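Q: Okay, here's the structure, questions in a sec.
The values are calculated or read from the model by the stated rules, or taken from the named source; none is laboratory data. Model, not experiment: these values are computed from the prediction. Please note: Cβ atoms are built from the backbone with ideal geometry, for glycine as well, and neighbour counts cover all protein chains shown.
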Amino acid sequence: MSTVQENLTQTPLLKIWVPWMGCNVNRRRGSSVPQFCNSPTLIVMVGLPARGKTYISKKLTRYLNWIGVPTKMFNVGQYRREAVKIYKNFECSRKSLKGESHLTLDVLTSVFLIQVFDATNTTKERRAVIISFAKEKGYKVFFIESICDNPEIIAENIKQVKFGSPDYVDRDIDEAMEDFIQRIECYRANYIPIDDEKDRKLSYIKIFDVGSTYLVNRVQDHIQSRIVYYLMNIHVTPRSIYLSRHGESELNLLGRIGGDSGLSPRGLKYANALAAFIRSQKITDLKVWTSHMKRTIQTAEAVGVQYEQWKALNEIDAGVCEELTYEEIQENFPEEFALRDQDKYRYRYPKGESYEDLVHRLEPVIMELERQENVLVVCHQAVMRCLLAYFLDKPADELPYLRCPLHTVLKLTPIAYGCKVESFFLNIEAVNTHRERPVVSFHICHNRHLALPTISLWYINYV
């Protein structure tokens, strides 16, 4: 075999490669349609104010980033506030309509695999400007139109979201409501919905009355299919999700990771305390999910509600390091120990999993959680970190270091643009299994004393 390395005929992929960036689209065989499967996608929101566009945009951006698809959201309202500084009344919105097309081109300059453009985009002319811009940049375009004529839903949306808007700080509620209704009418006068016949060549999904009906047209690729699937699973019904780790296990007491041991005496006490806590919450139609591992099943059995076992909720697989202490891993696999400290999210245990693998394993769980109402998930430390990172919009580098202590329940309640978190420690002591992020990456060595400062005090007491 020749040892001469041939020159690359294509630009190497760095982070995100944007096909034909800066070239003339007309030279590509006269086609205006991106010809690469992995072309960046521009997601364009469409709809009147108070139709949940920002809610959908934020939620979709959070989901795509969680599954590892680099996504950036651009909210025109935020850019308008920075330009206008002080919002006076709906006349500001009337004037801003004239300048929004120019603003569109100004804000969509960052290079991400997915860009979510959160604005009204209610006119054909505005959408034409966006499509033309996307063609020049080589982006695919996918429209999400939110249509709602239910006055109760609209009023609730205004009440929950808009009164917390910077536009209405220190404004009287009735005055703010009247002004916002006038703002809606200002946009309605120019609103032309996507036409199912005239716009049949566009790719889009229409969402009617926050999910009562959907209309999907010309999905172009895998990522758009995932977006559609996600949007068809989310809902706005008030609910709470309870996350809890299993009770303290026998292997927890020994400082060993993984395994499939049962609960310790304190872990059994926690199971009973969890049952009492859940009863005190007076939750209607509660569903309980566990992993296939003994410690979560034992914890859930005390609740007295029929539970469902998910293999996807099993703890991260530590491979050859299963049931070892951190000291044993550091002494027997010093290179692996050091590599994990350098990139804990992407590091994969030999014959095991990484946090990145775990996120992909948990995607079906997230989809089902989005479909459900009140759910108690009894799971494990790494699993709980992944779920928590999704709901709290935490980046990948923070995910493996989120604190998820034993014998503590986290109550997550979705709100307008995020998630309210309440923490309940059930007053039963347990070992601390949290390991802090190392200040510096350790070199490969067999000296356990370099590793011990990053490990919980309970562990040091046991070795």
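Q: Return the residue satisfying two criteria in turn: it lies in the stretch 130-163 and is small (Gly, Ala, Ser) and within 25 Å of residue 44 (Cβ to Cβ), and of such residues it is modelled with the lowest pLDDT.
A: Residue satisfying both the conditions and the ranking: 138.
Q: Given the structure, is residue 267 closer than 20 Å to residue 288 by Cβ, small (Gly, Ala, Ser), assigned to a loop (DSSP other than H, G, I, E, B) and in the same structural domain as residue 294 (by TED's automatic domain parsing)?
A: No; evaluated as a whole, the condition is false for this residue.
Q: Tell me which residues, restricted to the stretch 282-327, are surrounded by fewer than 17 Cβ atoms within 10 Å (Cβ to Cβ) and β-branched (Val, Ile, Thr).
A: Once the filter is applied, which keeps residues that are surrounded by fewer than 17 Cβ atoms within 10 Å (Cβ to Cβ) and β-branched (Val, Ile, Thr), the stretch 282-327 yields 284, 305, 320.
Q: Please state which of the following conditions residue 421 fails to meet, knowing it meets all the rest: (1) among the β-branched types (Val, Ile, Thr); (2) assigned to a strand (DSSP E or B); (3) over 16 Å from residue 62 (Cβ atoms).
A: Condition not satisfied by residue 421: (3).
Q: Hey, can you tell me all the residues within the stretch 235-272 that are hydrophobic (A, V, I, L, M, F, W, C) and modelled with pLDDT of 95 or more?
A: Residues satisfying the conditions are 241, 243, 251, 253, 254, 257, 263, 268, 271.
Q: Residue 260 - would you say it is in contact (Cβ under 8 Å) with a residue 12 or more places away in the chain and surrounded by fewer than 18 Cβ atoms within 10 Å (Cβ to Cβ)?
A: Yes: the conditions hold for residue 260.
Q: Among residues belonging to the stretch 166-181 that are touching a Lys or Arg at 6+ places or on another chain (Cβ under 9 Å) and surrounded by 15 or more Cβ atoms within 10 Å (Cβ to Cβ), point out the one that is modelled with the highest pLDDT. Break it down into steps so the answer makes sense when it comes.
A: Initially, the stretch 166-181 is screened for residues touching a Lys or Arg at 6+ places or on another chain (Cβ under 9 Å), giving 166-168, 173, 176-177, 179-180.
With surrounded by 15 or more Cβ atoms within 10 Å (Cβ to Cβ) added as a condition, the list becomes 167-168, 176-177, 179-180.
On the way: 167: 62, 168: 62, 176: 74, 177: 78, 179: 80, 180: 83.
Among those that are touching a Lys or Arg at 6+ places or on another chain (Cβ under 9 Å) and surrounded by 15 or more Cβ atoms within 10 Å (Cβ to Cβ), it is 180.
Q: Okay, next question. Going through the stretch 263-281 one residue at a time, which ones are over 12 Å from residue 426 (Cβ atoms), out of contact with any strand residue (DSSP E or B) (no Cβ under 9 Å at 6 or more places or on another chain) and buried (at least 17 other Cβ atoms within 10 Å of the Cβ)?
A: 268
Q: Would you list the helices (runs of 4 or more DSSP H) that sit entirely within the stretch 289-357 and hold 1 or more residues that are within 27 Å of residue 279 (Cβ to Cβ) and in the same structural domain as residue 383 (by TED's automatic domain parsing)?
A: 294-301
Q: Still on this structure: Look through the stretch 170-202, keep the residues that are part of a loop (DSSP other than H, G, I, E, B) and more than 26 Å from residue 143 (Cα to Cα), and return whichever of them is farthest from the chain's Cα centre (by Cα).
A: Step by step, filter the stretch 170-202, then rank; the result is 172.
Per-residue answers, yes or no, for (1) under 25 Å from residue 434 (Cβ atoms); (2) touching a residue at least 40 places away in the same chain (Cβ under 8 Å):
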position: 227; (1), (2): no, yes
position: 239; (1), (2): no, yes
position: 243; (1), (2): yes, yes
position: 249; (1), (2): yes, yes
position: 266; (1), (2): yes, yes
position: 269; (1), (2): yes, yes
position: 272; (1), (2): yes, no
position: 295; (1), (2): yes, yes
position: 330; (1), (2): yes, yes
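Q: Can you name every residue in the stretch 410-433 that is among the aliphatic types (A, V, I, L, M) and buried (at least 20 other Cβ atoms within 10 Å of the Cβ)?
A: 410, 412, 430, 431, listed by residue number.
Q: Tell me whether the stretch 220-243 contains one or more residues that are in contact with a His (Cβ under 9 Å, 6 or more places away or on another chain), farther than 30 Å from residue 295 by Cα and not in a loop (DSSP other than H, G, I, E, B).
A: No, that holds for no residue.
Q: OK, next. Yes or no: residue 330 modelled with pLDDT under 95 and surrounded by fewer than 17 Cβ atoms within 10 Å (Cβ to Cβ)?
A: The answer is no for residue 330.
Q: Among the residues of the stretch 370-418, which ones are assigned to a strand (DSSP E or B) and closer than 21 Å to residue 300 by Cβ? First the steps, then the outcome.
A: First, pick out the residues of the stretch 370-418 that are assigned to a strand (DSSP E or B): 375-379, 408-415, 418.
Correct list: 375, 376, 377, 378, 379, 408, 409, 410, 411, 412.
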